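Q: This structure is in structure tokens; I'll ask about it shortly.
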Amino acid sequence: MSKQTNPPIVLEAKGITKRFPGVLANDSVDLQLHKGEILAFLGENGAGKSTLMNMLYGLYRPNEGEIWIKGEKVEMSNPRDAIDRGVGMVHQHFQLVPVMTVAENVMLGSEITRGGGVLSRRKAEERVRELSHQYGLDVDPTAVVEDLPVGMQQRVEIIKALYRDADILILDEPTAVLTPQEANELFRIMHDLTDEGVSIIFITHKLKEVLNVADTVGVLRRGKIVGSAKPAESTQESLAELMVGRAVLLRVDKEKADAGAVVLKVEGLQAFDDRKQLILRGADFEVRAGEIVGIAGVQGNGQRELVEVLTGLRTAVNGRVWIEGQEVTHFSPRKITELGVAHIPEDREKHGLVMPYSLADNMVLNDYYQKPYATGIIMHQDAIDAHGEQLIEKYDVRTPSVKTPASSLSGGNKQKVIVAREFSRPTKLLIAAQPTRGIDVGSIEFIHTQIVAQRDAGAAVLLISAELDEVLSLADRVAVMFDGRIVKILPIAEATRERVGLLMAGSEDA
Amino acid sequence: MATKKKKDSSEGMSIGRVWRAVSIPLVSVLLALLIGAILLLISGASPMEAYQALFKGSFGSMKAFGRTLEKSTPLILGGLAVAFAFKAGLFNIGGQGQLLVGAITAAYIGFAVTGLPLIIHLPLALFAGSLAGALYAAISGALKTYTGAHEVITTIMLNYIAINLTDYFANGPWKDEGIIARTPAVLETAVIPAWGFVPIGFFIAVLMAFVTWYLLERTTWGYEIKTTGLNAFAAQYAGIKVPLIIIMTMGFSGFLAGMGGAIETLGVVGRYQPGFNAGLGFDGITIALLAKTHPLGVIPAAILVGAMQAGSSQMQFDADVPFQIIDVIQALMLFFVSADVIVRWLLGRRGEDGDKVSLGTGWG
Ligand SMILES: Nc1ncnc2c1ncn2[C@@H]1O[C@H](COP(=O)(O)OP(=O)(O)OP(=O)(O)O)[C@@H](O)[C@H]1O
Ligand SMILES: [Mg+2]
């Protein structure tokens, strides 16, 4: 994409330093964002990307340094100050009220009123429709937010910012929860926005996305800017190396699977989703010891419910499940865990972590009642902490200590805590849902190696991932899920991108 | 980089953390007293004189001090009941009802069971009262798990049922001879003795605070309760039986409140009589919030409220100030600890990092 000559700088950070107890999150960071530009930020988990963005949005105050917006030095004490200057931010966990409509959500906090303080919903709806049309967002202002898919909810967040006249948008890992199709739509929207003069800062761990959409790339490592690059002159490998400081293996190295006895067997499994719609409509498959079965499918085709039924978090309305020949269809989560099942849940904030708990306490979430963490009902904090120390070391979780609450970890490090915990128990069956969501490339490499190691040690692995690349590079067999059923199971050699893509879209297999 | 700093950050935590935890309640209390003083001034009384009398009436002599401890005793237990339930994310507003049920049960065992030595009779009466409170609260827990009825509603409704139920017993089957609706006095073998001016019941309550703290912080049960309260989905994922935890937590919360009623009956009043200790269950909420729901914090919070109640008549007597001013101050304390934003702002704590709740609500 050709750029106009020297567009003005709209946002500038000079020598920003931010300290948290025990952590130097940003170390004299400089940043310049030009008008109409997409500036991507890369960096390892815990490098300080979100912290930097939060400061630009007025959520945190820097300890040192200056922030300039549109040629003016600013001191922001809360997001309102940022919003007033045209800065909008979309957090990944959306700050929307699920039961309200799009328009109501958008107007929340900056309501348009008619005389006498009566809300003018009609005006808000009109404005939303206008914005939606202008940027091709395709959002219905009267839809109720909880009925919208994730990608749409994200657009509501973007509209919220635009509604407040934002012309600088900060998107913190917007694609982490999107399907590839939704992500492509988002990129199109981002380009429409920059064409209209909006400037965007965009954070991601997916190098391919950076190469495709960014105009400039900045790389943070341990709080410092370690370099910047032009996508045109970069490759995934060069970016990864800049980020991590060493060459990263972007492909998974593994031997051919040596599959053994059936560990997980699923027959005719049916389940409702949260809205009591039959979403899992009869899944049949099995996973053998020593193999990785990857489930490919567009999100929302019953994968989540399948995992929840398998792990005892949701009740099956029909069908049966066996683990090592024992029927476990209506077993409790505890019993299933005790059979040697490890589960990396899809939603780490909801199921995976207790935010105010320390890392150490989070790392015994499934076996806190067992030796050596407890005898009888008495817990042994020393053993729990020691276990935590060990995992932090092994999984390179970036934290000041095991006593740090999970809430103050960076997103990717939270994920690492869960992965570490679930990999640290003897496992017969590993159910991993989106195991590398929000994780940097260096750590993905490590987690992938660990998954393969589990397989090679004889565990059956069921991998569910929205990343087709991840499924195709890890799985020994690919099970394609569509409309609540496993429509086809392919050995990896026959699972070409095209074929799997067609099956995912619901077309009959040739 | 990360691991090196481990020492100082945890060291800095202990003092900083205690101050952080204590500063808001402390400032809230001071603010409440200050506004109380202004109100006293406006109404033409001398705040100095009033507060001096308040102090004299609560800590001025051994006898006053004993009375403060006596008043604090059910307050500690009532505060603990609220604080404990809160850890599981439950709001037990039913302390009053559980206390009444505990009180009348303890009274019944105290007067009706005869021929036991003190060493058996007293603990039995105390335990029976506590257990009655536990079962009574467990009803709300069960209603919540099996019907989804919110515990705030059911505990409040059960409060009214308890009032009528205890009235019925005190005026019916368990009525003492004479015209007054009350039970007979408990037998000597069921009376909690005093140690000089110091009521033994106070120590039982303090002991229960430590027991509660231990349960919460050092046992698997506490881990399950806190996990349920902080993230019920994660609790389910962890294999914790959330419904059971809810019922058990309500039960233990009621156990504490019931014990408060039992101690009051066996150690102070000596029998059950209706109208006794109205409002005590609600003071528990103030105290739990003042303690920031920390079981050990409940002890000083309860002593503070107990002292104000103990000293209020002295204040009325010496400074000619209506004792209701105490209620006003108490309400102000509750207001400031609940609306801690105000206090935070006064302390200049806004936007400080340590207080920042998790903003990292994203994948980022
Ligand atoms: N509120 C907080 N309190 C204490 N420490 C924090 C807080 N927020 C972030 N940190 C620490 O600051 C560092 C940078 O975190 P940040 O969230 O900015 O990382 P990030 O680059 O966004 O990582 P990720 O890719 O995992 O999202 C981390 O070590 C983190 O533990
Ligand atoms: Mg981040």
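The values are calculated or read from the model by the stated rules, or taken from the named source; none is laboratory data. Small disclaimer: the values here were computed from a predicted structure and weren't measured. Virtual Cβ from ideal backbone geometry, glycine too; neighbours counted across all protein chains shown.
Q: Could you check, for the stretch A:378-390, whether at least one of its residues is outside the structural domain of A:F94 (by TED's automatic domain parsing), within 20 Å of A:G46 (Cβ to Cβ), part of a helix (DSSP H, G or I) and more than 16 Å from ligand 1 (Cβ to nearest atom)?
A: yes
Q: May I ask you to say which residue of A:A475, A:A433, A:A457, A:A505 is without any contact (Cβ under 8 Å) to a residue 60 or more places away in the chain and not assigned by TED's automatic domain parsing to the domain that holds A:L365?
A: Matching residue, one of A:A475, A:A433, A:A457, A:A505: A:A457.
Q: Let me ask something else about it. What's the number of the only condition in (1) surrounded by 17 or more Cβ atoms within 10 Å (Cβ to Cβ); (2) more than 9 Å from chain B (Cβ to nearest Cβ); (3) closer than 16 Å to B:G239 by Cα; (4) in contact with a strand residue (DSSP E or B) (Cβ under 9 Å, 6 or more places away or on another chain) that A:L359 fails to meet?
A: The number of the failed condition is (3).
Q: Go through (1) over 21 Å from A:A342 (Cβ atoms); (2) within 16 Å of ligand 1 (Cβ to nearest atom); (3) not small (G, A, S) and name the single condition A:R437 misses.
A: Evaluating A:R437 over (1) over 21 Å from A:A342 (Cβ atoms); (2) within 16 Å of ligand 1 (Cβ to nearest atom); (3) not small (G, A, S) leaves (1) as the failure.
Q: For the stretch B:152-201, give me each residue that is within 20 Å of B:G78 (Cα to Cα) and among the polar types (S, T, N, Q).
A: The answer is B:T154, B:T155, B:N159, B:T166.
Q: Can you confirm whether A:K371 is assigned to a helix (DSSP H, G or I), without any contact (Cβ under 8 Å) to a residue 24 or more places away in the chain and either of a type outside the set (V, I, T) or within 12 Å of another protein chain (Cβ to nearest Cβ) (or both)?
A: no
Q: Scan the stretch A:16-46 for residues that are within 11 Å of chain B (Cβ to nearest Cβ) and under 29 Å from A:A232 (Cα atoms) and jot them down.
A: If the condition is that a residue be within 11 Å of chain B (Cβ to nearest Cβ) and under 29 Å from A:A232 (Cα atoms), then A:D27, A:F41, A:G43, A:N45, A:G46 are the ones that fit.
Q: Now for a separate question. Please name all residue pairs, on different chains or six or more residues apart, with Cβ atoms under 8 Å, provided the first residue is in the stretch B:211-223 and is without any contact (Cβ under 8 Å) to a residue 40 or more places away in the chain and the second residue is β-branched (V, I, T).
A: Listed pairs, sorted by first residue: B:R218/A:I378; B:T219/A:I377; B:T219/A:I378; B:T220/A:I377; B:T220/A:I378; B:W221/A:I377.
Q: Could you say whether any residue in the stretch A:140-151 is touching a Phe, Trp or Tyr at 6+ places or on another chain (Cβ under 9 Å) and either over 17 Å from A:F187 (Cβ atoms) or away from ligand 1 (no atom under 16 Å from the Cβ) (or both)?
A: For the stretch A:140-151, residues touching a Phe, Trp or Tyr at 6+ places or on another chain (Cβ under 9 Å) and either over 17 Å from A:F187 (Cβ atoms) or away from ligand 1 (no atom under 16 Å from the Cβ) (or both): present.
Q: Here is a follow-up. Going by the structure shown, is A:V402 part of a helix (DSSP H, G or I), away from ligand 2 (no atom under 16 Å from the Cβ) and touching a residue at least 40 places away in the same chain (Cβ under 8 Å)?
A: No, not satisfied.
Q: Here are some residues: A:V287, A:V307. Which one is crowded, with 19+ Cβ neighbours inside 10 Å and either under 22 Å from A:G352 (Cα atoms) or without any contact (Cβ under 8 Å) to a residue 40 or more places away in the chain (or both)?
A: Of A:V287, A:V307, the one residue that is crowded, with 19+ Cβ neighbours inside 10 Å and either under 22 Å from A:G352 (Cα atoms) or without any contact (Cβ under 8 Å) to a residue 40 or more places away in the chain (or both) is A:V307.
Q: Run A:P21 past the list (1) within 14 Å of ligand 1 (Cβ to nearest atom); (2) touching a strand residue (DSSP E or B) at 6+ places or on another chain (Cβ under 9 Å); (3) modelled with pLDDT under 95 and report the number of the one that doesn't hold.
A: Only one criterion in (1) within 14 Å of ligand 1 (Cβ to nearest atom); (2) touching a strand residue (DSSP E or B) at 6+ places or on another chain (Cβ under 9 Å); (3) modelled with pLDDT under 95 is unmet by A:P21, namely (2).
Q: Scanning for something surrounded by 18 or more Cβ atoms within 10 Å (Cβ to Cβ) and modelled with pLDDT under 90, does the stretch A:254-264 turn up at least one residue?
A: Looking for residues that are surrounded by 18 or more Cβ atoms within 10 Å (Cβ to Cβ) and modelled with pLDDT under 90, one finds at least one in the stretch A:254-264, hence yes.
Q: Check whether at least one residue in the stretch A:436-447 is in contact (Cβ under 8 Å) with a residue 60 or more places away in the chain, more than 16 Å from ligand 2 (Cβ to nearest atom) and either within 23 Å of A:A261 (Cβ to Cβ) or crowded, with 21+ Cβ neighbours inside 10 Å (or both), and report yes or no.
A: no
Q: Sort out which residues of the stretch A:407-427 are near ligand 1 (Cβ under 10 Å from one of its atoms) and either at pLDDT 95 or above or surrounded by 21 or more Cβ atoms within 10 Å (Cβ to Cβ) (or both), and write them in order of number.
A: Once the filter is applied, which keeps residues that are near ligand 1 (Cβ under 10 Å from one of its atoms) and either at pLDDT 95 or above or surrounded by 21 or more Cβ atoms within 10 Å (Cβ to Cβ) (or both), the stretch A:407-427 yields A:S408, A:L409, A:S410, A:G411, A:G412, A:N413, A:K414, A:Q415, A:K416.
Q: Considering the stretch A:202-239 alone, what residues qualify as being in contact with an Asp or Glu (Cβ under 9 Å, 6 or more places away or on another chain) and within 16 Å of ligand 1 (Cβ to nearest atom)?
A: Listed by number, the residues that qualify are A:F202, A:I203, A:T204, A:H205, A:K206, A:L207, A:L220, A:R221, A:R222, A:G223, A:K224, A:I225.
Q: One residue is enough: does the stretch A:329-338 have a residue meeting the conditions touching a residue at least 24 places away in the same chain (Cβ under 8 Å) and either surrounded by fewer than 23 Cβ atoms within 10 Å (Cβ to Cβ) or within 12 Å of chain B (Cβ to nearest Cβ) (or both)?
A: Looking for residues that are touching a residue at least 24 places away in the same chain (Cβ under 8 Å) and either surrounded by fewer than 23 Cβ atoms within 10 Å (Cβ to Cβ) or within 12 Å of chain B (Cβ to nearest Cβ) (or both), one finds at least one in the stretch A:329-338, hence yes.
Q: Scan the stretch B:137-144 and tell me whether some residue there is modelled with pLDDT of 95 or more, within 25 Å of B:A170 (Cα to Cα) and either out of contact with any helix residue (DSSP H, G or I) (no Cβ under 9 Å at 6 or more places or on another chain) or buried (at least 24 other Cβ atoms within 10 Å of the Cβ) (or both).
A: Yes: one or more hits.
Q: If you check A:G88 against the conditions, is it in contact (Cβ under 8 Å) with a residue 60 or more places away in the chain, closer than 26 Å to A:G412 by Cα and more than 14 Å from every other protein chain (Cβ to nearest Cβ)?
A: yes
Q: While we're here: Looking only at the stretch A:64-85, decide whether some residue is more than 23 Å from A:N212 (Cα to Cα), among the hydroxyl-bearing types (S, T, Y) and within 16 Å of ligand 2 (Cβ to nearest atom).
A: Looking for residues that are more than 23 Å from A:N212 (Cα to Cα), among the hydroxyl-bearing types (S, T, Y) and within 16 Å of ligand 2 (Cβ to nearest atom), one finds none in the stretch A:64-85, hence no.
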